[in-house]
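The values are calculated or read from the model by the stated rules, or taken from the named source; none is laboratory data. Worth saying up front: this structure is predicted, and the values here are computed from it rather than measured. Ideal geometry is used to build each Cβ from the backbone, glycine not excepted, and the neighbour counts take in all protein chains shown. Surface accessibility is based on the protein's heavy atoms, side chains included, excluding ligands, DNA and RNA. Shrake-Rupley method; radii C 1.70, N 1.55, O 1.52, S 1.80 Å.
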Amino acid sequence: MDLDDEVGALSGVITERRTDSSVQRISHTWIEMSDGCRLSARVWLPADAEQIPVPAILEYIPYRKSDATSVWDEQVHGYFAQHGYAGVRVDIRGSGDSEGILRDEYLPQEQDDALEVIEWIASQPWCSGEVGMIGISWGGFTGLQAAARRPPALRAVVSMCSSVDRYRDDIHYMGGCVLGTDMLSWATTMLAYLALPPDPAHVGDSWRSMWLDRLDRNPPFVYEWLSHQRGDAFWKHASVAEDFGAIECPVLMVGGWADAYRNAVLRFLAGYDGPCKGIIGPWSHHYPYEGDPGPAIGFLQECIRWWDHWLKGVDTGVMEEPALRAWMQDSMPPRTHYLERPGRWVGEPSWPSPNIEQQRLSLTGNGGLSSTPSGGTHEVVVRAPQITGADAGDWMGYGRATDLPGDQRVEDERSVTFDSEPLAGSLELLGRPRVMLEVSADRPLALVCTRLCDVHPDGSSTLITRGLLNLTHRDGHEHPTPLVPGERYSVVVDLNAIGYSLPAGHRLRVALSPTYWPWAWPSPAPATLIVITGGESAVELPVRPPRSGDEGIGFDAPAAGSLEYVTDTFPAPHARIAQHDVATGRYEVATDFSYFDGCRQRDGLDYRERARDSTVIVNGEPLSAETRCERTITIQRDRYRIRVEARATMTSTGDAFLVTNEVDAYEGNVRVAASRSSRAIPRDLV
């Protein structure tokens, strides 16, 4: 097929038309902000949109529309255009082909720009004036945040794998604990992405000056994130849970049980009074049409139903669906990856659901779980080696071969466990379990990890869900206070949401440990906990009793996506290698991976990225904890050859976190910029 390239130099619009296609693709056009900064957009249009205007769907993220996300952008927005919508993909200020500097996530400037982008889209001759927003991860956040600002043209949102509470449910902290790998890992990734130049094919000769400006002025995000170790105003900003009522438009919330952000779906359904629906599948941090683990669903068709209903006024029946549709996962032997996760779709008419019963099982002094508290109280000592958590899997699942936690038997042996009797019948959980503990510690700073496991008749242990709590945050995340050694406290540990079915004959296990590396940065000194059983200490389970009515819940098969911009894709190798020096107690885990893999486009642009994260700890020495992150990204087309390398490390003393960041940028074989920085950030009751 021949390309008819039309370049409008005055308008800054680059259009690619395929003569046999019903879709017109505009690979680059400028959207000028009120302060003069220009954002770059890629647009997909139905062929007749300029004659018959259509609603538009905006995706607004910093992940480089011209290369990194070009594969999924085409699959999503190309599909929308084929079904009567304009797809608009905009690089956030300071990212990709857009001008300016991106200084952190979700700043007011980013939201202000979003409002102007929505207004610009609604005013275009090909747009009917109605706009929807869609996005996964950062894009899921921006859709909710824009909705809270109530731009008149924004009529509906689809938010996937996002958060409504940036402190409790994001990549920086969990239960008041510093996420030991993921905070630095994601900060290093953004350091690398924002050190890349715009595409000369789109921005012209200014690309090099824009690039050098970014290299000079982009800050490492991690310094700011780590400077706010409690749930203060920094995190409340852009957390829509602070005021769900600010949102007025309909919202479809989507998540996956293997993703880190699934709690947001239930939080939003419980907190938002407007029209909304929730879908939670077995998936990791992916679009549900990819479905890893499967089964995948026809998610793009589901979006069209949502858009048709709210943007075109067509009664598609979406509001007759249950408030929550969730995949009830069947019990499976423990594995680090599942191609398919057996189970079935279930539906709830509202959330919280009147159909969910809270079942309480007390922790007993003999290591059991009982529906009737045993007589008398017992003090159970909870200690664990520093390497507890080595088999935790990834905090953020991406469907990779080693993402999920494997058999938990070794982790269970490192922890203190409480087991139920074999179940007489099946037990289905839907919602957020929680563990209540009456506990003391021998240190002023301590944490507790709580895991809920499915113990099979052969003794293997499958993780169901888990939670963390920094015990100085026992009364809330805004005003932590040190523990008084030896004093007893009543605490609640909220576990991540789950849908899981245990069969008869299996046991339910609660496992406790005062360390969980590398998910949680360890306390400065090894802590011993004393848990008082026979009284308040218990697990509360969200039980969904068996009932009929779920049989009609389901989805279409995934629709085939388009790859008009891309000729080849290059999946990056993924591996996790663990090394344990038995003599010294040193334990290191190195993970090789990639977020967006690589691709080659029709114009010859070749994009590749590689990442490595490694963590180290020495048993018995929490101050030996170290995280190292490395990123390498290459982009080339003819004589345009770019390589960016970013590196970061994080260690700690008893009083501070020590963080370093490095960036080297190359044009061809010539290094054009190098930056080095380091920061000591005081520990704040962590």
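Just want to confirm a number: the relative contact order over the chain, from Cα pairs under 8 angstrom separated by 6+ residues, in percent.
12
Compute for the stretch 47-117: radius of gyration divided by Kirkwood radius, i.e. Rg/Rh, restricted to C-alpha atoms, rounded to two decimals.
On the way: Rg = 13.5 Å, Rh = 13.2 Å.
Reported Rg/Rh (Cα atoms, Kirkwood Rh): 1.02.
Per Stokes-Einstein, at 4 °C and 1.567 mPa s, what whole-number D in µm² s⁻¹ belongs to the stretch 427-501, with the Kirkwood radius over Cα pairs as the hydrodynamic radius? Walk me through the numbers on the way to the answer.
Working: Rh = 13.8 Å.
Value of D from the Cα-based Kirkwood radius: 94 µm²/s.
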Completion exercise
Note: probe point = Cα of Ser123 + 7 Å toward Cβ; backbone nitrogen < 15 Å; residues of the stretch 25-57 passing the test are 30-39
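Between Rg and the Kirkwood Rh of the chain, both from Cα atoms, what is the Rg to Rh ratio?
Numbers: Rg = 25.2 Å, Rh = 26.0 Å.
Checking Rg against Rh, the ratio lands at 0.97.
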Exercise for the section: Evaluate the Kirkwood expression for the hydrodynamic radius of the stretch 536-618, namely the inverse of the mean inverse distance over all pairs of different C-alpha atoms, and round to one decimal in Å. Expected result: 18.7
Problem - Backbone HN-Hα couplings from phi across the stretch 502-509 [Karplus 6.51/-1.76/1.60, Hz, Gly and Pro as x] - result: 9, x, 4, x, 7, 10, 9, 10
Practice task
Determine, at each q value in 0.17, 0.23 (inverse angstroms), the log₁₀ of I(q)/I(0) that the Debye formula gives when each Cα of the stretch 584-686 is one equal point scatterer.
Solution key: -0.89, -1.19
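When the dipole is taken about the Cα centre of the chain, and only Lys, Arg (+1) and Asp, Glu (-1) are charged at their Cβ, what size is it in debye, to the nearest 20?
On the way: 63 positive and 95 negative charges, 241 e Å.
That gives the chain a dipole magnitude of about 1160 debye.
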Practice task
Just need log10 I(q)/I(0) for the stretch 286-398 at q = 0.10, 0.14, 0.19 Å⁻¹, Debye formula, equal scatterers on the alpha-carbon atoms, no solvent, rounded to two decimals.
Solution key: -0.59, -0.95, -1.19
Handout entry: Shape call, the stretch 294-340: gyration tensor on alpha carbons, a/c limit 1.5
Key = prolate
Practice task
Give me the lysines in straight-line cross-link reach of Lys312: C-alpha distance below 25 Å, same-chain residues under 8 apart excluded.
Solution key: Lys277
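Could you please put Arg432, Arg341, Arg103 in sequence from largest to smallest accessible area, using a 1.4 Å probe? Walk me through the numbers on the way to the answer.
Details: Arg432 75, Arg341 25, Arg103 115 Å².
Reading off the accessible areas and sorting them downward yields Arg103, Arg432, Arg341.
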Practice task
Measure of size requested: the Rg and Dmax of the stretch 529-574, with Cα atoms as the atom set and Å as the unit; please supply both.
Solution key: 24.6, 64
Handout entry: Exposure ranking of Ile279, Ile356 by accessible area [1.4 Å probe, largest first]
Key = Ile356, Ile279
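Dipole size in debye (nearest 20) for the stretch 133-199 around its Cα centre, Lys and Arg Cβ +1, Asp and Glu Cβ -1? The partial results should precede the final answer.
Details: 5 positive and 5 negative charges, 73 e Å.
In total the dipole reaches around 340 debye.
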Fill in the blank from the handout: Computed curve, the stretch 256-340, Cα-only Debye sum without solvent term, log₁₀ I(q)/I(0) at 0.11, 0.17, 0.19 Å⁻¹, is -0.35, -0.78, -0.94
Problem - For the stretch 225-291, the Rg and Dmax computed from alpha carbons only, in angstrom - result: 13.9, 38
Practice task
With a 1.4 Å probe and all protein chains in place, put Lys277, Lys236 in order of accessible area, largest first.
Solution key: Lys236, Lys277
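I need the semi-axes of the equivalent ellipsoid of the stretch 485-603: take the C-alpha gyration tensor, multiply each eigenvalue by 5, square-root it, list largest first in whole angstrom.
Working: eigenvalues 336, 195, 38 Å².
Each semi-axis is the square root of five times an eigenvalue, giving 41, 31, 14 Å.
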Exercise for the section: Under 14 Å Cα to Cα from Lys236, which aspartates and glutamates show up? Leave out anything in the same chain fewer than 8 places away. Expected result: Glu105, Asp165, Asp169, Asp170, Glu478
